[in-house]
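Since the structure comes first, as structure tokens, the remarks are kept for the end.
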Amino acid sequence: MIARVVAGLVVLAVGGSAAGGGPPHRGLPAGTISGKVTYTGTLPKLRQIDMSKEPNCVTQHPTPVMTQDAVTGPANSVRYVVVYISAGDQGAPAATDTVHYDQKGCLYIPHVAAMQVHQPLAIFNDDPHSHNIHPLARVNAEWNKSQPKGAPPIRTSWDQPEFIPVKCNVHPWMHGYFVVLATPHSAVTDSTGEFSLAGLPPGKYTVTAWHERFGTQSQEVTIGGSESKTANFVLTARPY
Amino acid sequence: MTHGVATSHAPPRPQSFLRRHVFSVDHKVIGRQYLDLALVAVVTGMVLSWIMRFHLGWPETPVPGLGKLAPTGAAGGVITPEYYLALMTMHGTIMVFFVLTTAPFAGFGNFFLPIHVGAEDMAFPRINMMSFWVTLVAFLVLLSAFFVGDGPPLSGWTAYAPLSAVGKDAGPGQGVGQTLWAISIAIFCVAQLLGSLNFIATTLDLRTRGMSLARLPFATWAWFITSVIGLVAFAVLMPACILLILDRVAGTSFFIPAGLVISDRLQPHAGGSPLLWQHLFWFFGHPEVYIAILPGFGIVSQILPVFARKPLLGPRVFITCLIAIAFLSYTVWGHHMFLSGMNPLSATLFSVPTLVITIPATIITLLWIGTLYGARLRFTSASLFALGFVSVFVSGGISGFFLAQPSTDIYLHGTYFVVAHFHFVMGVAAMFGIFAGTYFWFPKMFGRMMNETLGRWHFWLTFIGVYCVFMPMHYLGLAGNVRRYSAFTDEYLQPLIPLHRFITIAALFTGAVQLIFLFNLIRSRLRGPKAPDNPWEATTLEWSTSSPPPHDNFGGRQPVVSHGPNEYGSAGPRDYVMQADPQ
Amino acid sequence: MSTAVLPPSPSVPAAARVATGDGPRASVAQTGVWIGIATISMSFAALTSALVVRQSSAPDWQHFQLPPLLYLNTLVLLVSSATLEISRRRRTVAALNATLVLGLLFVFGQVLAWRQLAAQHLFLASGPRSAFLYVFTALHALHVLGGLGGLLYVQRRLAGAVLAPTTFKAAALYWHFMAILWVYLLTLLTIRG
Amino acid sequence: MGKLFAVVVTVIALVSAAIFAFHVWWLPPDISTHGVRIDRQMNETMVVAGALFVLGQLALAGFVWRFSAGERGAPRPVKSFPGGPTPLVVLATVLVGIEILVLTFVGSKVWADVYQTPPAPGALQIEVLGEQFAFYFRYAGADGKFGAMHPEMMNDATENFFGLDPANDTTARDDIVVGSLVIPINQPVVLEMHAKDVNHSFYVPELRIQQDFVPGLVIPLHFTATTPGKYELVCTQLCGLGHYNMRAFVEVKTQPDFAQWLKEKAAAL
């Protein structure tokens, strides 16, 4: 048990930082697109998640846990924004490392997981009770599996690009997203709202930023050689 | 020794093995086929109950090998909540339909009703054969739910809408599995309707000379009344299943109201009524439990006089009570729905007939006990199981008092008290009826005697075992333990877990004891000692022909009946007078 | 064991075998049909109660005119009952053939009525009343086809002059019930407009 | 063999009846105003049923003990039950008949008070939503009015379980939505029960109350709690894979505590 918690933390550290996926090409000139995602407009009021139904989870959160659909950081930065190359991708090698998706304290960690088509995904249950994972896929095949306490991780992958909302039927407040993309170049912003897509061969790219509540924005960026371009996004927030 | 009149021409005797043993129209072969199907079904159902009981006692302990058998349902040997409910649904459906309706009614009934009335075969032999094969198809369709889509359905044997009617959004197993369940039950209804048609036509029209309705043996009375109940009950369940299938696949809204959000999707249905399914289902459901128990009444009333060596007390009263139960069984279905959102006034209306129906049941029990007065009881496996039936039926029937009144049902509905009640009456009493019937009629059906010592061991261990399994469930119910739970995570259930472990151990023990019965069945069928024509010195017609009976039951002679079935304890050289004895 | 010699009693025919004697036992087929009628009536009674409950459970009951073809089909079915009765009384094959043709015409007419409904965009799933209309007509037509099968069996035996009058009576009984059932269903669907 | 059967049946009957009689496992203490009469009905039925159960089993055991065929000695002539079946029929009809009348008459009054009478006028109205695998409760808030429910707007992720539309429905803005049922003592409470997806049920053993949620219907359920404390509310109608875990806590508070709790929740909106 301890080993898995440590592994979970390590992954958190790696996944959390803004250096997104996408291995650089050996020797070829490779550019980087980085930037920051912020919002304007009035934020919806985050509500406290009521976990009273599951005492195991209430004890794991000394401070109240807020809903995660509009998480922001300092200076209007927006967290859990998936920034990826939506057009102009020149067929980089597929990402093969396993995406870890953890259920801890009746929450999905990370709230949003970006992955490439066919990339292996492992779902862990680190709670002292059963969860059930129900990805509400429409394009991909939908499934709904329970994971009792201590059950082996569920290993799967998706074969079509899709923004798949994930819910736990047993704990209705648990929500997350599997963002399945055709391109390996993607990054999920942390509380600083920054992202960085490295290892991009020269070419004209369309960079898209997606957020579950504030919508999607795209920008055109052209990479000459081994240069670094910035692309900032400003999403509009509505109170209700 | 038989006495009778040469019939003008016997039916042509089928020659090929296939015609004589597989696709045979002989009611005896069909009766044996039904009993074999019920045997396979009861073993399947029992294994499912073992897995469920083990999971309730020790939720986290993996069952070795189960992970490979059911990789999705029991990854690593620990079954998931949805797989537990799937096993529960299949356990309930298999036991109610393919064991308790098939064995005592279709199995023994098919074999012995024609002989009891003195006929050569059922009224419509080809339809009779078809009803078995359609039942087998229904059983295979039901079992295929294990291997198709995402597993068997999880909405229980009652399959309440909209959980059963919405489709795969309602959870794993509710996609293909639930549709297969509905199709299997619809097919089963067709089979049962054909079976009932045959039973009624044979009893009314093919009775031999002298066999008036009053002289019908008690088992045949029970099969006849059960088939009348079955005719009406299954005729209602079939359209209900058809409407459910249409709701699931054709987009109609018989049972699904508007505005349902399931798995975060607004369902494209409007206007249906979930209570409509409950009314249609339970209009069939309660008569179904009488279809399961009445043949048991008939078998016990057939067996007790034989081993008490005295006539059944009040045979006419017994038959009148059977008929009273048949009528009343159609007026009580609402007691399953006191708290279901039905108009509360109708709860009071349904509770009265439910309590009134206990009167004929009490009378029949008192008649059995009265028959024992002044008897010279002989103890064989058959008579022990018949006596066990009386004891277990008393226990099960009495717990019905609590559930028949709305005021106490407020607390006990949906708890293990209900599980204890229906298991005692259907899961144990009806099974004791089947065991008694098997030990009693095995010599006649196969021409060989069963081993009495094994039979007695089987009785004593099972009798004590079932009380250890199901009596504690009453206590769980009183403590408010809710049924159909795959795990006990609520705080108020923690102190009850030791009781669940005791029940699990008792259930595994009682289940293992059934292997004695299985071994006895197989060994006696192969190497049991030769059975005489009338080993128990009984009076009904099947004992005045050879064991096993010839193809046309009476060896070319049609029996003439001149006595009732109840002539025991008479003076003279023999203390019984057979029905076929001359005046 | 004295074996009293009794007059040979009428044989105990299973329905499958030829029933030559005309004893009461030969009416097994009729008993069977009466039981079948009881079963089918119970099924349609259940469906009727479902219709009544469904109509009151939500205000979405459609109000449309039933295709007039259904009333014509009813006429066809009633005439076929008449021809069958003639055929039974006079044991004539021609009248029986007429019944068969009319029966098939009725089923064909029902399918045509379905197409007219479809043309008005009234499908099984478009509303409760059309759903019940389709379920009633489908189940009834299924049982009519079963009746036609019975009449074919009767025709084959009548042609071979080996048909017991009670078997013919049983088949006729079933066919008349089909007509009565259809009249009931159509009335129910019409008044529940 | 007969004597062994009689002994086994007697032991089973007496042990089972004793466990019932000594309340080894029994109903939890009742905390509702109507519960005391349910407990009395339960006790009365237990006494009557227990008596019938023990008498029935002992009669069976006694007759089997007395009338098994002795291996030794000539077979005794067969005696039939004195008076034939009629005394038994009369006994059964009278005995069970009277019991039915008593139980039905008394019982129907207990049932009617809970399920057939409208809630008291001053009852505190709370909306309950049963969904796949949790209960959620809504209080009307300061304006005393409940916002409209829109199924298509229900979103568990944003804790909008009741599908409220605060943007253009002002009455919904002050509605308090929580995951546990908090009620004041000695004040009638009426629950408006909504089912979001499939059948569920509302069962609190201590409150002696149970009622199914039916999709498409709004079912009122009223009761009054008398003892402060925290109790468990569970679902008794099979609703899917999480049925075993569909639970909420019922917190019965004194009047001031309840008012304080309500104020905190309103402030936290």
What are the residues whose amide H is under 5 Å from the amide H of D:GLN210, where those residues sit 5 or more places off or on another chain and H is modelled from the backbone? none
Rounded to the nearest 500 deg cm²/dmol, what is the calculated helix-only ellipticity per residue at 222 nm for chain D, with -39500 (n - 2.57) per DSSP H run of length n ≥ 4? -12000 deg cm²/dmol
Taking Cα pairs closer than 8 Å and at least 6 residues apart, the relative contact order of chain B in percent is 17 percent
When the helix-only estimate is applied to chain B (DSSP H runs of n ≥ 4, each -39,500 (n - 2.57), divided by the residue count), what is the mean residue ellipticity at 222 nm, nearest 500 deg cm²/dmol? -19500 deg cm²/dmol
Considering the options C:ALA161, C:SER87, C:LEU133, tell which one lies farthest towards the positive end of the dipole of region C:71-191, charges being +1 on Lys and Arg and -1 on Asp and Glu at the Cβ, about the Cα centre. C:ALA161
Long-range amide H partners of B:ARG448 with built H, under 5 Å: B:ALA531
Just to be sure I understand: of the beta bridges DSSP finds with both ends in region A:2-236, what percent are antiparallel, rounded to 5? 70 percent
If the cut-off is 16 Å between C-alpha atoms, which lysines fall inside it for A:LYS104, apart from same-chain ones fewer than 8 positions away? A:LYS53, A:LYS149, A:LYS167
What residue among A:VAL112, A:LEU197, A:THR67 has its Cα farthest toward the positive end of the dipole of region A:63-210, where the charges are +1 on Lys, Arg and -1 on Asp, Glu, each on the Cβ? A:THR67
Under 27 Å, Cα to Cα: Lys pairs in chain D, sequence gap 8 or more or different chains: 12
Kindly work out what percent of the DSSP beta bridges joining two residues of the protein assembly as shown are antiparallel, to the nearest 5. 70 percent
In order over region D:60-66: 3J(HN,Hα) from phi, Karplus 6.51/-1.76/1.60, θ = phi - 60°, whole Hz, x for each Gly or Pro, gives 4, 4, x, 5, 5, 4, 6
Chain B: Lys pairs at Cα distance under 25 angstrom, eight or more positions apart or on different chains: 5
Where nothing but the Cβ of Lys and Arg (+1) and of Asp and Glu (-1) is charged, how large is the charge dipole of region A:2-236 around its Cα centre, in debye to the nearest 20? 200 debye
Out of residues 5 or more away from A:HIS171 or on other chains, whose amide H comes under 5 Å of its own, with H placed 1.01 Å from N in the peptide plane? A:ASN132
Just to be sure I understand: of the beta bridges DSSP finds with both ends in chain D, what percent are antiparallel, rounded to 5? 70 percent
By the scheme Lys and Arg +1, Asp and Glu -1, what is the net charge of all other residues having a beta-carbon under 11 Å from that of D:LEU191? -1
Got a sec to turn the phi values of region A:105-121 into Karplus ³J(HN,Hα) couplings, 6.51 cos²θ - 1.76 cosθ + 1.60 with θ = phi - 60°, whole Hz, x for Gly and Pro? x, 6, 9, 8, 10, x, 4, 10, 10, 9, 8, 9, 4, 6, 6, x, 10
Whole-Hz ³J(HN,Hα) from phi, Karplus 6.51 cos²θ - 1.76 cosθ + 1.60, for region B:375-386, glycine and proline x: 7, 10, 5, 9, 9, 10, 4, 4, 6, 5, 5, 5
How far, in degrees from 0 to 90, does helix B:315-328 lean away from the longest principal axis of the Cα atoms of chain B, to the nearest 10? 30 degrees
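Bear in mind that the values in this text are calculations on the coordinates, not laboratory data. Owing to the predicted nature of the structure, the values given are computational and were not obtained by experimental measurement. Glycine also receives a Cβ, built like all others from the backbone with ideal geometry; neighbour counts cover every protein chain displayed.
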